[in-house]
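Trainee: Got a structure for you, questions after.
The values are calculated or read from the model by the stated rules, or taken from the named source; none is laboratory data. Note that the structure is predicted; figures quoted are calculated from it, not measured. Cβ: placed from backbone, ideal geometry, glycine included. Neighbour counts: every protein chain shown.
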Amino acid sequence: MSVPKIRKLSMRNFGPIKQADVEFGDLTVVVGPQATGKSIFLQTLKLMADRDNIHGTFGKHSVDFKGHTDAFLDGYFGNGMSSVWKAGHSELGLNGKSADLLTYAKPSRSRSDENHQEHLFFIPAQRVVSLPHGQSQTFGAYRFGDPYALRAFSDVVHHLLQNEFGAEPGLFPKKNRLTEALRKPISKHLFGGAKLIVDDKEYTKRLVLNVSGGATGLPYLAWSAGQREFTPLLLGMYWLCPPGNTSRREKLEWVVIEELEMGLHPQGINTVLLLVLELLSRGYKVVISTHSPHVLDMVWALQVLKKNKGDEADVRELFDLNVSGGGRGLAQSALKKDYRVYYFKRDGEVQDISNLDPGAASIDEAGWGGLSEFSGKVGEVVSKVVSRPKRKARRSPASEGSKTKSSTEVVV
């Protein structure tokens, strides 16, 4: 049994999700309020892609579920999460064919190396937890019931810092990691010109920021929230984009990034979106979740540029991207990709809003899954308050009395 090429994932009555039918593009964006099933959906996608790799990783760290599917679901999704799947009521579909989650809760019998490889790399929303005090953590450092996606991501970050960068204290900027077109906005908008290094002065490897003119490096907890959120994401990018002529990491085909905007100014979000475009240009399929209207602004703009025959110069202007250092190729690639957007609604339905048409009859699409409707509401409230004194002046008794008096005087 080979690993299927995932094109579509469907769910029925799965946790808070009543109905979802998601067909993936090159970039797929999922939006919606908290607790609507976005993380469950993304973690299930990971399980569909990497069943045997996941079971193998648990086994490597001496976790034996003894065939208990509920225990696996708690260990994989997080403690207490086994209840999201109700046998006989919940349904799962892969590429239009029925699938059983409880089957995936056990390893397959395949001995194929292909099945045991990792095909989807998951960067979780809790990524900041992977670097407590600027130190990396292994898979085994977490407790049973901490989500698998976080534990596996932490293990990769630990491997990078302890091995691949073990003899190299400088982490950013690095000339052999990411193109110049990407390094410049990262330096400007995310690190403010500071250098990211591994410091081992106290015999423990910790990440610090070296600021120009500073006597010592800034420790992790002295960084901005955005820098703490972005750094593990940057390390994930290093893993996905190896140096040299290799475009992708081994058998990896998919990348999931949860809430890439956390802690970031819009210019910082733009920079992270450039990293997403870099992944797309390398042939990865990317799925992101977001609560940021700015992310959908940029996806909508790319769709409009494609539809109206925009060129790479327009994409570079949109992202403030230099033509040199790989910028032109990145912009050209962006115009060739397929973009999809899905709205996870509070009522459990998942709606395809990929067109992102501001004039759509559906408020869900016109409001971009609720992300733009709040700014519209703010404008309405402010407009109403600003115009209120004028309306009162027009209706005031003094004004009416003045009008009557004037009329009387005219008659007399």
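Trainee: With the condition being touching a residue at least 60 places away in the same chain (Cβ under 8 Å) and either at positive phi or of a type in the set (Ser, Thr, Tyr) (or both), I'd like the helices (runs of 4 or more DSSP H) fully within the range 175-290 carrying at least 1 qualifying residues. Don't jump to the end; show me each part of the working.
Mentor: Details: elements: 180-189, 225-240, 266-281.
So the answer is 225-240, 266-281.
Trainee: Got a sec? Which of ASP52, ASP26 is farther than 23 Å from GLN126 by Cα, under 19 Å from the mean Cα position of the chain (by Cα) and at pLDDT 95 or above?
Mentor: It is ASP26.
Trainee: Of all residues being charged (D, E, K, R) and touching a residue at least 40 places away in the same chain (Cβ under 8 Å) in the range 66-108, which is farthest from ALA20 (Cα to Cα)? Just the residue, please.
Mentor: Keep residues of the range 66-108 that are charged (D, E, K, R), which gives 66, 70, 74, 86, 91, 97, 100, 106.
With the extra rule that they be touching a residue at least 40 places away in the same chain (Cβ under 8 Å), the set shrinks to 74, 86, 91, 106.
Working: ASP74: 22, LYS86: 16, GLU91: 10, LYS106: 24 Å.
My answer is LYS106.
Trainee: Quick one: in the range 311-345, which of the residues that are surrounded by 19 or more Cβ atoms within 10 Å (Cβ to Cβ) and among the small types (Gly, Ala, Ser) is farthest from GLU259 (Cα to Cα)?
Mentor: GLY327
Trainee: While we're here: Only residues that are under 20 Å from GLY226 (Cα atoms) and in a strand (DSSP E or B): list them for the range 121-133, please. Write out each step before concluding.
Mentor: In the first step, residues of the range 121-133 are kept if they are under 20 Å from GLY226 (Cα atoms); the result is 122-133.
Matches in the range 121-133: PHE122, ILE123.
Trainee: For the range 247-261, enumerate the residues that are of a type outside the set (Asp, Glu) and over 25 Å from ASN115 (Cβ atoms).
Mentor: LEU260, the sole residue that qualifies.
Trainee: For the range 320-412, which helices (runs of 4 or more DSSP H) that fit wholly inside it have 2 or more residues that are within 21 Å of VAL31 (Cα to Cα) and at pLDDT 70 or above?
Mentor: Ranges flagged: 363-366.
Trainee: Let me ask something additional. How many residues, within the range 72-120, are assigned to a loop (DSSP other than H, G, I, E, B), closer than 15 Å to GLY56 by Cα and not polar (S, T, N, Q)?
Mentor: Qualifying residue count, the range 72-120: 7.
Trainee: Applying the selection to the range 29-63, what residues are among the hydroxyl-bearing types (Ser, Thr, Tyr), in contact (Cβ under 8 Å) with a residue 60 or more places away in the chain and buried (at least 22 other Cβ atoms within 10 Å of the Cβ)?
Mentor: Those that are among the hydroxyl-bearing types (Ser, Thr, Tyr), in contact (Cβ under 8 Å) with a residue 60 or more places away in the chain and buried (at least 22 other Cβ atoms within 10 Å of the Cβ): THR36, SER39.
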